[in-house]
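S.K.: Can you keep this structure in mind? I'll have questions shortly.
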Amino acid sequence: MRVTEMLIPLFFAVGVGLAMATQTAVNSQLRQYLNSPIQAAFFSFLVGTICLAIMMLVMMWNGSALKPTLSQLNEIPVWLWVGGLLGVYAVTASIYTAPKLGFLTFTGLVLFGQVIMSMLLDHFGLIGVEKNPVNWQRLLGAILIAIGIIFTLQR
């Protein structure tokens with residue numbers, strides 16, 4: 001892939017990182033009003049679900065997306081619905097954990113977890129991911145992230 005072809009995906013990837021850190025900070029503040037990480041996560045997901053429903057309806061209305069049939073939904077393997085559960089865990093745990101660790105340390109640990117899991121998924125080709133073996137450069141990158149996290153623990 002050429003550099004120019006990577007610019008938009010790179011921009012969106014950085015945007016995800018910005019959004020995730022901001023989401024954690026916003027949801028942590030919401031928790032203070034609701035006195036519960038579960039309730040804060042619930043209302044965060046409720047707003048997100050309403051937004052997604054509107055987007056989906058608009059896309060179906062203008063013909064850019066088709067509504068799945070019940071038989072199509074029934075064909076989806078059960079384990080593919082786990083993504084929603086993982087989202088609940090991630091958002092709820094972040095609401096509880098980030099204020100205790102500090103947002104920089106929390107984000108570093110999340111990034112480290114993503115790097116480790118991504119290396120496992122790539123290396124073993126898990127969950128339908130194309131195999132991409134771990135090499136010394138990738139391993140060194142993960143180690144450098146871990147070292148960086150250790151530095152963030154120093155307040």
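S.K.: Anything in the stretch 111-129 that is under 16 Å from the mean Cα position of the chain (by Cα), open to solvent by 50 Å² or more (accessible area, probe 1.4 Å) and not hydroxyl-bearing (S, T, Y)? List them, or say none.
M.R.: Those that are under 16 Å from the mean Cα position of the chain (by Cα), open to solvent by 50 Å² or more (accessible area, probe 1.4 Å) and not hydroxyl-bearing (S, T, Y): L111, F112, Q114, I116, M117.
S.K.: Quick check, is G102 of a type outside the set (D, E, K, R) and either touching a strand residue (DSSP E or B) at 6+ places or on another chain (Cβ under 8 Å) or open to solvent by less than 70 Å² (accessible area, probe 1.4 Å) (or both)?
M.R.: Considered against the rule, which asks whether it is of a type outside the set (D, E, K, R) and either touching a strand residue (DSSP E or B) at 6+ places or on another chain (Cβ under 8 Å) or open to solvent by less than 70 Å² (accessible area, probe 1.4 Å) (or both), G102 comes out as yes.
S.K.: Tell me which of these M59 doesn't satisfy, since it passes every other one: (1) open to solvent by 100 Å² or more (accessible area, probe 1.4 Å); (2) among the aliphatic types (A, V, I, L, M); (3) more than 27 Å from Q154 (Cα to Cα); (4) assigned to a helix (DSSP H, G or I).
M.R.: Evaluating M59 over (1) open to solvent by 100 Å² or more (accessible area, probe 1.4 Å); (2) among the aliphatic types (A, V, I, L, M); (3) more than 27 Å from Q154 (Cα to Cα); (4) assigned to a helix (DSSP H, G or I) leaves (1) as the failure.
S.K.: Does any residue of the stretch 72-92 turn out to be touching a residue at least 60 places away in the same chain (Cβ under 8 Å) and in contact with a helix residue (DSSP H, G or I) (Cβ under 6 Å, 6 or more places away or on another chain)?
M.R.: yes
S.K.: Any idea which of (1) among the β-branched types (V, I, T); (2) loosely packed, with under 14 Cβ neighbours inside 10 Å; (3) touching a helix residue (DSSP H, G or I) at 6+ places or on another chain (Cβ under 9 Å) is the one T69 doesn't satisfy?
M.R.: T69 satisfies all of (1) among the β-branched types (V, I, T); (2) loosely packed, with under 14 Cβ neighbours inside 10 Å; (3) touching a helix residue (DSSP H, G or I) at 6+ places or on another chain (Cβ under 9 Å) except (3).
S.K.: Any residue that is part of a helix (DSSP H, G or I), hydroxyl-bearing (S, T, Y), modelled with pLDDT of 95 or more and over 22 Å from G102 (Cα atoms) - is there at least one of those in the stretch 46-55?
M.R.: yes
S.K.: Looking at P77 and the list (1) modelled with pLDDT of 95 or more; (2) under 24 Å from G128 (Cβ atoms), which single condition is not satisfied?
M.R.: Status for P77: all satisfied but (1).
S.K.: Name every residue in the stretch 72-93 that is of a type in the set (V, I, T), exposed (fewer than 10 other Cβ atoms within 10 Å of the Cβ) and within 17 Å of the chain's Cα centre (by Cα), in order of residue number.
M.R.: Listed by number, the list is empty, since nothing qualifies.
S.K.: Also, quick follow-up: Given the residues F12, F45, which is the only one that is under 18 Å from the mean Cα position of the chain (by Cα) and touching a residue at least 24 places away in the same chain (Cβ under 8 Å)?
M.R.: Unique residue meeting the criteria: F45.
The values are calculated or read from the model by the stated rules, or taken from the named source; none is laboratory data. These numbers come from a predicted model, not from an experiment. Neighbour counts run over all protein chains shown; Cβ positions are idealised from the backbone, glycine included. SASA here: full protein model, heavy atoms, side chains in, ligands and nucleic acids out. Shrake-Rupley method; radii C 1.70, N 1.55, O 1.52, S 1.80 Å.
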